[in-house]
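Accompanying notes for the structure given below.
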Amino acid sequence: MAYVDGFVIPIPKKNLQAYRRMAQKAGKIWREYGALEFRECVGDDLNIKGTKTFLAQIKPKPGETVLFSFIVYQSRAHRDRVNAKVMKDPRMASAMDVKTMPFDVKRMVYGGFKTLVDL
């Protein structure tokens, strides 16, 4: 069963294009090293009554939106191998500089997930 790394990131709307450029470069590197899918999704329908929304949990500041992103791998071991290669790739050095990130990395939520259902 596939393994998924998931991310939720509050981001200033004014930084979306900078984030897109960074994510497109990073996604190509992840795919080059074997990730099966690389998705970056920006919030669209986030005010759903009767549920605890991403907005309620993440608490974006005025002018921010929420990104939901995920990377799919063959397995956790495959994820670990791919991520080790990605982190050593010199093309990632500029993308990993916390000072130039288009979002506050301290507010990013991240986790690795085993697939429970795959239809």
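Placing +1 on each Lys and Arg Cβ and -1 on each Asp and Glu Cβ, with no other charges, gives the chain a dipole about its Cα centre of roughly 300 debye. Scalar couplings 3J(HN,Hα) for segment 31-40, obtained by applying the Karplus form with A = 6.51, B = -1.76, C = 1.60 to θ = phi - 60°, are 5, 4, 8, x, 4, 7, 9, 9, 10, 10 Hz; x denotes Gly and Pro. Modelled label positions at Val42 and Lys99, each set 7 Å beyond Cα in the direction of Cβ, lie 2.7 nm from each other.
Candidate cross-link partners of Lys25 among the lysines, defined by an alpha-carbon separation under 16 Å and a same-chain spacing of 8 or more, comprise Lys85, Lys88.
Between Val105, Val82, Val72, the residue with the greatest mean-square fluctuation in the GNM of the chain (Cα pairs under 10 Å linked by springs) is Val105.
Residues in segment 48-61 carry Karplus couplings, in order, of 9, 5, x, 10, 7, 8, 4, 4, 5, 7, 7, 6, x, 7 Hz; the curve used is 6.51 cos²θ - 1.76 cosθ + 1.60 with θ = phi - 60°, and Gly or Pro positions show x.
A crude spin-label estimate for the pair Met87 and Lys106, with each label 7 Å from Cα along the Cβ direction, gives 2.2 nm.
With springs only between Cα atoms under 10 Å apart, run a GNM on the chain and tell me which of Ala18, Ala26, Ala95 wobbles the most. Maximum among the listed residues: Ala18. Listed options for Rg and Dmax of the Cα atoms in Å are (1) 15.9, 45; (2) 13.4, 40; (3) 15.0, 46. The value calculated from this structure is the one marked (3).
No lab work stands behind these numbers, since they all come straight from the coordinates. Not measured: the values here are computed from a predicted model. Heads up, the Cβs are rebuilt from the backbone with ideal geometry, glycines too, and the neighbour counts pull from every protein chain shown.
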